[in-house]
1. Within the bounds of segment 384-392, is there any residue that is in a strand (DSSP E or B), crowded, with 17+ Cβ neighbours inside 10 Å and among the aromatic types (Phe, Trp, Tyr)?
2. Take Phe362 and tell me if it is out of contact with any strand residue (DSSP E or B) (no Cβ under 7 Å at 6 or more places or on another chain) and of a type outside the set (Ser, Thr, Tyr).
3. How about segment 508-527: which of its residues are surrounded by 15 or more Cβ atoms within 10 Å (Cβ to Cβ) and not in a helix (DSSP H, G or I)?
4. Scan segment 322-364 for residues that are touching a Lys or Arg at 6+ places or on another chain (Cβ under 8 Å), of a type in the set (Gly, Ala, Ser) and at pLDDT below 95 and report the count.
5. For segment 473-496, give me the residue count where each residue is more than 20 Å from Pro567 (Cα to Cα), under 30 Å from the mean Cα position of the chain (by Cα) and part of a loop (DSSP other than H, G, I, E, B).
6. Which one of these does Asn268 not meet: (1) over 28 Å from the mean Cα position of the chain (by Cα); (2) buried (at least 18 other Cβ atoms within 10 Å of the Cβ)?
7. Which residues, taken from segment 114-152, are at pLDDT 95 or above and of a type in the set (Asp, Glu)?
8. Specify the residue that is farthest from Val175 (Cα to Cα); the eligible residues are those in segment 110-149 that are among the acidic types (Asp, Glu) and out of contact with any strand residue (DSSP E or B) (no Cβ under 6 Å at 6 or more places or on another chain).
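The values are calculated or read from the model by the stated rules, or taken from the named source; none is laboratory data. The structure presented is a predicted model; accordingly, all values stated were derived computationally and were not measured. Virtual Cβ from ideal backbone geometry, glycine too; neighbours counted across all protein chains shown.
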Amino acid sequence: MAINLNFTIMKKLLFLTFAIVLGMSVHAQPRVLKQVPNRMGNAQLFTPYKGQQPKKIDPAANQVWWGYGNETEKRSAIGISRPETYDVAFRVAPDNSAVVGKTIKAIRIYLRDKANTKDVKVWISKGQPSDVSKADYVQNVAQSSLKAGDESKEKLGIANDIALTKPYVIGSEGVYVGYSFTITKVSDEATQYPIVSSNGNKEANSIFLRTSKSIADWSDYSNQNYGKTTHQILIEGNLPQNSVSANSLEDIVVAKNTTRKTKFVVTNTGIAGISSIDYTVATNGTVGAEQHLNISPAFKPYAAQYTIELPLAADANTGITTKTVTITKVNGKTNEASNKTATCQLTTVAKEVKRGVVVEEFTGTGCGWCPRGWVGMKKMREQFGENFVGVALHKFNPDDPMYYKDYDLAFNGAPACKIDRNTKQIDPYYGSEDDVCDDFKKELSRLAAVGISGTCKLNAARTEVTATTTIEPVANGTYDIAYVLVADGLTGTTDAWKQSNYFVNYNSSQLPADLAPFGKGGKYGTQKVALVYDDVVLATSFAGTKPTLAPLQDGNIVTNTYTLKLPTKADLKAAIDKTGYYNKLAVVAMLIRKDGRIENAAKFYLPDPAGVEGISENKGEVKEVARYTIDGRRISAPQRGLNIVKMSDGSTVKVLVK
């Protein structure tokens, strides 16, 4: 429930009309629902509430405010920019033991506008009501009692606490808790985007919406980057003081003689919050000594999830053990929760191996929002060098010259990406929150249980690339291996090669600095943009005969070989020929776990022409064929600092990149 919303580079703007591809179809439809635009340079749109602050209901000793958003979080807004009736709800699921069985005493809603808002009501229903007026509980709210406005730029909306005339007990089947209102006239930003939301980690059941015309059926927006509804309920009942329920413990790889932190997801089920926990760790059933961990700052929201960075030490021997963590105390008192335990697999490895993190991006020249994916992939490439293993899947529109259909990963919208197949679909620019580089760093911090490197060779006919990988396991394991042939530097002269660009509808000054070139007045400020494309998928092992890999044994280094065919489509082949001596072709080798996640990967380029049999070098034209960092790592693009550049005539040049 923690929020990390940076209003200086707000992702609000670019999810405005995020294109959906249904069933991997090329027919994209704009989303009706939009988020409030970037407020940079638009301060005149913000009018702080200057009237008397609304009176809030303070919880009694056996009461607490609960919702998917809370008072400490930053707040944004969403809407359809039309005068319609809005129905907004969240769901209390039947398995939410912290809330089910409690009595709802009041509902808190946030409003941005009053003058053009009418028919405000709150309601409770066991199911999604076809007609709100016939919900299990409905209460109209007097217009004169409402307050509206924005507290600040980072906290939109004003809270209105509405005491229920008849308290409602949440049954075992759970309930939907909602509010409804009608916007009579769209006159400003507050009426364009009247639903106050909070961003941050996505949570199931956190926001359901319907409108009288534009969104005719109830729709679950909980996993679509629109945030969570901020309305809350005041619940009353038997509420424990010091209680933390264990939800999940992430599997972890730790090198011998070291300690690393894993993600321990818990739920605060006590009204005292969480300032510390005491816990035990059992290894294959053998319980260790009780340990103590302070939580700073303390986590207060009731019935909300919290992720603890829990340190776990490697075992004495390599291999996999089951770790069982039990929370024994909360805030120094006995843990009152019924579910106190979570387990994970800890893999102890002999040493750390080089990590390659795969970013598989879904894109296409016909996708108008995909320039931000192009920028995001470029940003990760430059920041993380060889640790970044980019795979750009052009599957949005078949008339894209780089279109490739035979890939084993599905996406439901563009632009989008998955990192090591360890994350749900996220935005390739904003990531899961504000910056995709933050998501990349998190994945890069994970150790791998197997190392991988490789070489590749182009045949004399220039029709096939054969890859040979060297696989170094540092723990036993079973994996699938997959190969992808990619190309950098692809471009073309026909209109089909040009990238659609919706960012031209915004002035460059409205956009973050790295997206500004695509805005009106920027370098790429046209509706169709000539770009140079990197990481483009040309061929994969997903189509045809798949490579095999026997179970791996700690310390037993093995090799694996696979041949990929180059594309024969004329315009794509011509673009590959133009990249220069084929040394911008690379093979990505991925080791995929049985649960579908990528354990490790490597990207290796074809050697310079002198190392390719049957390819003669043009001695009259000296070109760059490889680039390295000062410590010898090969990189695919210039990086800040001193770069070592190898030329096609065998010479090397030192280049300082600022």
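1. Of all residues in segment 384-392, those in a strand (DSSP E or B) come to 388-392.
Going one step further and asking which of them are crowded, with 17+ Cβ neighbours inside 10 Å, we end up with 388-392.
If we keep only those that are among the aromatic types (Phe, Trp, Tyr) as well, we get 388.
Yes, that holds for at least one residue.
2. On the way: out of contact with any strand residue (DSSP E or B) (no Cβ under 7 Å at 6 or more places or on another chain): no; of a type outside the set (Ser, Thr, Tyr): yes.
No.
3. Initial filter on segment 508-527 (surrounded by 15 or more Cβ atoms within 10 Å (Cβ to Cβ)): 508, 510-512, 515-520, 522, 524-525.
Selection gives Leu511, Pro512, Leu515, Gly519, Lys520, Gly522, Tyr524, Gly525.
4. The total comes to 1.
5. Of the residues in segment 473-496, the ones more than 20 Å from Pro567 (Cα to Cα) are 473-481, 495.
Of the ones still in play, those that are also under 30 Å from the mean Cα position of the chain (by Cα) are 473-475, 477-481.
Within this subset, residues satisfying the condition of being part of a loop (DSSP other than H, G, I, E, B) are 474-475, 478-479.
Residues in segment 473-496 being more than 20 Å from Pro567 (Cα to Cα), under 30 Å from the mean Cα position of the chain (by Cα) and part of a loop (DSSP other than H, G, I, E, B): 4 in total.
6. All conditions are met except number (1).
7. Asp119, Asp131, Asp136
8. Within segment 110-149, the subset among the acidic types (Asp, Glu) is 113, 119, 131, 136.
Now drop any that are not out of contact with any strand residue (DSSP E or B) (no Cβ under 6 Å at 6 or more places or on another chain), which leaves 113, 131.
Details: Asp113: 28, Asp131: 15 Å.
Selected residue: Asp113.
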